[in-house]
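Report on the following structure.
The values are calculated or read from the model by the stated rules, or taken from the named source; none is laboratory data. This structure is a prediction, so every number in the text was calculated from the model and none was measured. In this analysis, Cβ positions are derived from the backbone assuming ideal geometry, glycine residues included, and neighbour counts consider all displayed protein chains. What goes into the accessible areas is simple: the full protein's heavy atoms, side chains included, and nothing from ligands, DNA or RNA. Shrake-Rupley method; radii C 1.70, N 1.55, O 1.52, S 1.80 Å.
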Amino acid sequence: MAADAGGSKYFVREIEKNDGCALKLKQCYLGDVGCVVWDAAIVLAKYLETKQFYDPSRGVNVWAGKSVVELGAGTGVVGLMAATLGAQVTVTDLEDLQTLLRVNIQENQALISSGSITAKVLKWGEDVSEFLPPPHYILMADCIYYEQSIVPLVESLKLLSGPETCIICCYEQRTEGVNPKVERQFFELLREHFTFEEIPSDRQDPEFTSPDIHILHIRRKV
């Protein structure tokens, strides 16, 4: 789907960075879950900027030169934030979201100086050889909601991650319908191969945090 001259297919959401620049994310008026910027994606994007990762005044930049793969990237806000902080990012999603991802990469290219960002198709559970060797970080925001995607999602995490990979998962806990069951299944499956720790709110962005939104660091069991 391409933007027409009037731009009526898209509306823009701005996410301000700590340096005063803003990421501009086009979202689709029509479309599925990948077409809008979800709250968990903003919470995760702002978490990447917290002082533990990025503190120019102390010369700290964990992201500089690190390889990052984002799963279920949607509009690309999380991967774009990582790229502006200096990471070498591959944002992935299904074929029908590639146009929106590319539009948003183009739109924000000026903010990316030392990092880089590329969009690629990745269907969970399928071959990941073009994304290997394992990245330093795998990022995922709000990827736990389709029951049928839980097994392939965990499979992709197993295939993509190495012993050094840190998976940062951010999700909004939803209590209605099938959501609690899907979350439970995800964590049961995950526990077989991974360990995880929840990040307390005082280590998250002070403004962009919510009791319903959880950030986890996940690592392969050794």
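Residue count for the stretch 1-37 satisfying the condition of being outside any loop (DSSP other than H, G, I, E, B), at pLDDT below 85 and surrounded by fewer than 14 Cβ atoms within 10 Å (Cβ to Cβ): 1. The number of residues in the stretch 157-188 that are hydrophobic (A, V, I, L, M, F, W, C) and either open to solvent by 70 Å² or more (accessible area, probe 1.4 Å) or out of contact with any helix residue (DSSP H, G or I) (no Cβ under 8 Å at 6 or more places or on another chain) (or both) comes to 4. Going through (1) open to solvent by less than 10 Å² (accessible area, probe 1.4 Å); (2) within 15 Å of Ala110 (Cα to Cα); (3) out of contact with any strand residue (DSSP E or B) (no Cβ under 8 Å at 6 or more places or on another chain) one by one, Glu49 falls short only on (2). The lone criterion from (1) part of a loop (DSSP other than H, G, I, E, B); (2) free of Cβ contacts under 8 Å to residues at least 40 places away in the same chain; (3) buried (at least 21 other Cβ atoms within 10 Å of the Cβ) left unmet by Val154 is number (1).
With respect to Ile150, determine if the residue is aliphatic (A, V, I, L, M) and either in contact with a Lys or Arg (Cβ under 9 Å, 6 or more places away or on another chain) or closer than 20 Å to Leu48 by Cβ (or both). Here the answer is no, as Ile150 does not meet what is asked.
When Leu139, Leu80, Leu100 are screened for being modelled with pLDDT under 95 and crowded, with 24+ Cβ neighbours inside 10 Å, only Leu100 passes. Among the residues of the stretch 142-174, those identified as of a type in the set (A, V, I, L, M) and either over 15 Å from the mean Cα position of the chain (by Cα) or modelled with pLDDT of 95 or more (or both) are Ile150, Val151, Leu153, Val154, Leu157, Leu159, Leu160, Ile167, Ile168.
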